[in-house]
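Take a look at the structure set out below.
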Amino acid sequence: MEETEWGSEPEYFGPRHYYRESILLNQINKKLKKGLILDAGFGNGSLSLRLSKGKYKIVGIDLSQKFIEYTSKKIQSPNIKLERGDITNLNFKNNTFDGIICSEVLELIEDDGTAIKEFHRTLNENGKLFLSVPANPKLWDKSDEWAGHKRRYTKERLMELLKMNGFKIIDIHYWGFPLTRFYHRQIYLKTLKNEKLKNIKIKKHSKYLANIFKVDNLFNKLPWGIGLIVVAQK
């Protein structure tokens, strides 16, 4: 797995990103009461930093040294540790983690099956995997090309990938319809086309707009969301 070009843009953080992370955080708090969590491909560190404020101990790995340096400067808790690592070849012993998070990373690598095998190997018995990926190949657009995605997932393919590598699906649902999908088309994609993404910084309004996106939670059972959220158990 190679370091992606977009790893050089650690400041990008918007309402869609914050909303997706909030969904994952809600699932983690419900399904995992405490323990050691691996954030596999932590990116700009926003999810790890939010988790480290609570009851969990976090180990974050990423291939990007820029992300490691960026996130390290923001750490304010002893509950988080960062290191360079590859999710297809985890440098951890069997049965190390109580939980693993892989948020918007699996679609970036060619051999997603090997990553899932590594997650299964390093999870404790009954350990939980919290996964988010972009959904529906028909929704492929400029943002996928910019981010370096190899694929968008169907629900069926993702379930099969997890089951064939030993996981039991606890919960799987779509997210991001209709408001987040509208935002993606009318604001996010236009920003990419205008090549202004490099100038976007963390916005104070992101949290507030993300709260508006919570309306989408009413439509998670419909197959029209922009992404999939999965909780699976070893």
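Roughly what % of Cα-Cα distances in segment 108-162 sit above 15 Å, to the whole percent?
54
Mind scanning K138/K214; K34/K234; K128/K214; K93/K128 and naming the pairs with a C-alpha gap bigger than 20 Å?
From the list (K138/K214; K34/K234; K128/K214; K93/K128), the Cα-Cα distance tops 20 Å for K138/K214; K128/K214.
How about segment 43-120: which trypsin sites (Lys or Arg not before Pro) there are in a DSSP loop, with at most 10 other Cβ atoms within 10 Å of their Cβ?
When the trypsin sites (Lys or Arg not before Pro) of segment 43-120 are filtered for loop state and at most 10 Cβ neighbours within 10 Å, K73, K93 remain.
Considering only DSSP beta bridges whose two residues both sit in segment 57-136, what percent are antiparallel, to the nearest 5?
So the antiparallel bridges amount to about 10 percent of the total.
At 1.4 Å probe size, put M164, M159 in order of accessible surface, largest to smallest.
M164, M159
Measuring from centroid to centroid over Cα atoms, what is the spacing of segment 56-72 and segment 206-234 in Å?
Cα centroid of segment 56-72 versus Cα centroid of segment 206-234: 25 Å apart.
In terms of solvent-accessible area of protein heavy atoms at a 1.4 angstrom probe, what is the ranking of K33, K234, highest value first?
Largest accessible area first, the residues go K33, K234.
Could you please state, rounded to a whole Å, how far the C-alpha centre of segment 142-197 is from the C-alpha centre of segment 109-132?
So the two Cα centres are separated by 18 Å.
If you project the alpha carbons of segment 76-124 onto their three principal axes, what span does each projection cover, largest first, in Å?
Largest first, segment 76-124 extends 34, 22, 16 Å along its Cα principal axes.
Rounded to whole Hz and in sequence order, give me ³J(HN,Hα) for segment 107-122 from the Karplus expression 6.51 cos²θ - 1.76 cosθ + 1.60, θ = phi - 60°, writing x for Gly and Pro.
Ordered by residue, 3J(HN,Hα) equals 6, 8, 10, 5, 9, 5, x, 5, 4, 5, 4, 5, 4, 5, 5, 8 Hz.
For segment 5-111, which whole-number percentage of the solvent-accessible area (1.4 Å probe, protein heavy atoms only) is attributable to carbon and sulfur atoms?
46
So what J values fall out for segment 25-30 if you push phi through Karplus, 6.51 cos²θ - 1.76 cosθ + 1.60 with θ = phi - 60°, rounded to Hz, Gly and Pro as x?
Per residue, the Karplus-derived 3J(HN,Hα) values read 4, 5, 5, 4, 5, 7 Hz.
I'd like to check one number: the per residue accessible area of segment 1-147, probe 1.4 Å, reported in Å² as a whole number.
Normalised by residue count, the accessible surface of segment 1-147 is 45 Å².
For L25, what accessible surface area do you get with a 1.4 Å probe? Give it in Å², rounded to 10.
Only protein atoms counted, so the area is about 20 Å².
With a sphere of radius 10 Å drawn around the Cβ of I61, what net charge do the other residues whose Cβ falls strictly inside it have (Lys, Arg +1; Asp, Glu -1)?
That works out to -2.
So what is the calculated 222 nm ellipticity per residue for the chain, using -39500 (n - 2.57) for each DSSP H run with n of 4 or more, over all residues, to the nearest 500 deg cm²/dmol?
It comes out at -9000 deg cm²/dmol, rounded to the nearest 500.
Which value, in Å² rounded to 10, gives the accessible area of F182 with a 1.4 Å probe and all protein chains present?
Answer for F182: close to 130 Å² accessible.
Which distance in nm do the two modelled labels at R50 and R84 give, with both placed 7 Å along the Cα-to-Cβ direction?
Each label point is offset 7 Å from its Cα along the Cβ direction, giving 2.8 nm.
Just to confirm a number: summing +1 for Lys and Arg and -1 for Asp and Glu over residues other than I172 whose beta-carbon lies under 14 angstrom from that of I172, what do you get?
Cβ neighbours under 14 Å give a net charge of +4.
Order the following by accessible area, largest value first: V59, V215. Probe radius 1.4 Å; ligands, DNA and RNA are ignored.
V215, V59
So what is Rg over Rh here for the chain, counting just Cα atoms and using Kirkwood for Rh?
0.93
The values are calculated or read from the model by the stated rules, or taken from the named source; none is laboratory data. If you're wondering where the values come from, they're calculated on a predicted model, not measured in any experiment. FYI the Cβ positions are ideal-geometry reconstructions off the backbone, even for glycines, and counts take in every protein chain you see. These accessible areas exclude ligands, DNA and RNA; they are computed on the full protein's heavy atoms, side chains included. Shrake-Rupley method; radii C 1.70, N 1.55, O 1.52, S 1.80 Å.
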